[in-house]
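Values quoted throughout were computed directly from the atomic coordinates according to the rules given, and no laboratory measurement underlies them. Everything numeric here is computed off the predicted structure, so don't read it as measured data. Ideal geometry is used to build each Cβ from the backbone, glycine not excepted, and the neighbour counts take in all protein chains shown.
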Amino acid sequence: MKTVILAGGFGTRLSEYTHSIPKPMVNVGPYPIIHHIMNSFSKYNFNEFIIALGYKSEIIKEYFYSLSIYNNDFTINPKKSNIVYHTKNAPDWNITLVDTGINTMTGGRILRLREYLDEKPFFCTYGDGLSDVNLLQLLNSHHKSKCLASVTAVRPQARFGELLIEENNLVSSFKEKPQLNTGYINGGYFVFSPNVIDLIEGDNTVLEKEPLEMLASQSKLNAFKHNGFWQCMDTKRDHEFLNNLYNSNNIPWL
């Protein structure tokens, strides 16, 4: 089963890093976050990736092109253009890297990948979030629902303390940065049936607007509720949080 990773955005909210590299290449520990995302899929033996590129695509291409060189000892014969690798530390992934345009929207990027996808359901996720979502359970939920698309619904930790205030202005509950108790948000781990692509008109189509809103209105969008670990990397604070987890050897997404 193939996994699409949307990795072409500008990452403007993380501009401290993305002025020089694309957001999926911002490191968590020694590896870019996109590498961690792929590891989380590989844990379930999903090793076929299609990466939709855009902003600074050459940096992501160079990283994966050079991955075997960075991770292995090797002998090279320049005249014969022959390389023999002595250790096999690189992951066993099949990676298709596709330039889907600088200004293409999320839906348009998927549309541009059509020729690389087959007539089977596929995973789709963003290149800036990590989770311990059980992908087998997500896939099973999708099949059982008979829907055209499934979205992982998460309740992230609040950024600030939560107060519950009664009518007499007395605080009945005080929780410092709890997990949200009400309301789920889009967690960015999808399963799409191939027919979803037919709902995308062109480069300017935002996946989260017309296609998913239409499916929801027609009761064809399944929600897979995930109450475990989930963390996006939108800000410098998010980046520091993920790095602190990694450096403390607390890596829930793996």
With Cα extents along the principal axes in Å defined as stated, name the option among [x] 83, 43, 33; [y] 54, 43, 41; [z] 84, 48, 32 computed from the structure displayed. [x]
Let me have the 222 nm mean residue ellipticity of the chain computed from DSSP H runs of 4+ only, each contributing -39500 (n - 2.57), with the sum over all residues rounded to the nearest 500. -7000 deg cm²/dmol
For the pair residue 13 and residue 75, what calculated FRET efficiency results from E = 1/(1 + (r/R0)^6), where r is the Cβ-Cβ distance and R0 = 41 Å, to the nearest 0.05? 0.40
Highest-fluctuation residue, 71, 222, 243 considered, GNM on the chain with Cα pairs under 10 Å: 71
Taking the Cβ of each residue in 105, 214 as the centre, tally the other Cβ atoms inside 10 Å and list the residues starting with the fewest. 214, 105
Please list, in chain and number order, the residues 5+ apart from residue 205 or on another chain whose amide H is under 5 Å from its amide H, with Hs placed from the backbone. 105, 108
Among 199, 254, 67, 207, what is the fewest-to-most ranking by other Cβ atoms within 10 Å? 254, 67, 199, 207
Would you give the gap between the C-alpha center of region 50-92 and the C-alpha center of region 110-151, rounded to a whole Å? 27
Can you list the lysines whose alpha carbon sits under 23 Å from that of residue 79, skipping same-chain ones fewer than 8 residues off? none
When 197, 33 are ranked with the fewest other C-beta atoms within 10 Å first, the list becomes 197, 33
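GluC sites (Glu not before Pro) within region 176-254: which are DSSP loop residues with at most 10 other Cβ atoms inside 10 Å?
Passing both the DSSP loop test and the Cβ count: 176.
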